[in-house]
Amino acid sequence: MRVLLTLVLFISSVLIPTSLCVSFSYNQQNLWTGVCNAGNTGRQSPINIVLADVVQSPSLTPLVFNSEWDSTNTVGTFSNTGHNIQYDLNSTSPDITTVTPIGTYKFLQFHMHWGNQTGVGSEHLINGEQSEVEIHFVHQKVGASTAGNMFGVVGVFADVGDIPMTGIWQQLNASNVPAVDDVILSDGIRFTDLLPSNRDYYYYEGGLTTPPCTEAVQFFLLKNRITVPSAYLARLRSIDQNDGPGAINYRDIQSLNGRVVMGSGSNMVYASCISVLLFAVLSLQLVFFV
């Protein structure tokens, strides 16, 4: 009985955040079930982050990624779920954890969101603009959790560049899982290859971006971006999906509903200092001009 319960809990922890048991279409988001269309009173995701409204918070300590993020000891599977491509960590793999200001989260899986044309793809927007790709590292809270912080997602934005499709991009080649439900073994993935060197982040409280859209996610969206090879993005766009080849897999932007987006690090402070400096220089120029 204990073994069965452990198995059920493990399966549940994987299936709930990935929405594998729910049938849905990105072309008919108004028909999504759960709390996806419950109105403008919740904490739905994704959102548009307006940088001028981000509140710099000293309480947002740096994210701490344990050493397994930088190892090649990972054992897992790489699959085409019909909605995205996804890497699931095997239960025999060493634990990969991330310490956040909310607590410690254990990694479950990562997946990608992309678009079908230039200039679209990410779920979250920064000042109204999408990046080409957004990677979600889905975690589950270690120890006690509340209804609102059961899951933690580290999000990474990616732009497309003319770089070779080698290393991590060859390991995660979407052409290896071209059809829906294709699954292959994929070992030796070093997760830090998918992270920028600077890991300052935006933080807000949200929900799953697929049905049932459960409002139980803490989002940590890294400010700095990585670069995805153009050839890799072309392969993402070519694989079969439930909505057909070349379909989008990002959700529409949701209302902020009074939520506050906070920022870690000192990027915004530097921006303020630069603004003050520019103002001073311009003022000085005006004095001399007059």
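Descriptive notes on the structure:
- The label-point distance for Thr72 and Ala38, in a model that sets each label 7 Å from Cα toward Cβ, rounds to 4.5 nm.
- Here the contact order of segment 2-265, divided by its residue count and restricted to Cα pairs under 8 Å and six or more residues apart, works out to 29 percent.
- FRET efficiency, 1/(1 + (r/R0)^6) with R0 22 Å, evaluated for Asn198 and Asp53 via beta carbons: 0.55
- Shown is the FRET efficiency for Leu31 and Asp159, computed with R0 = 35 Å from the Cβ-Cβ distance and rounded to the nearest 0.05: 0.65.
- Highest average packing first - 178-191, 221-234, Cβ atoms within 10 Å: 221-234, 178-191
- Using C-alpha pairs under 8 Å with a sequence gap of at least 6, the mean separation divided by the residue count of segment 59-161 gives a relative contact order of 20 percent.
No lab work stands behind these numbers, since they all come straight from the coordinates. All values derive from a computational prediction rather than experimental measurement. All Cβ positions, even for glycine, are placed from backbone atoms using ideal geometry, and neighbour counts span all protein chains on display.
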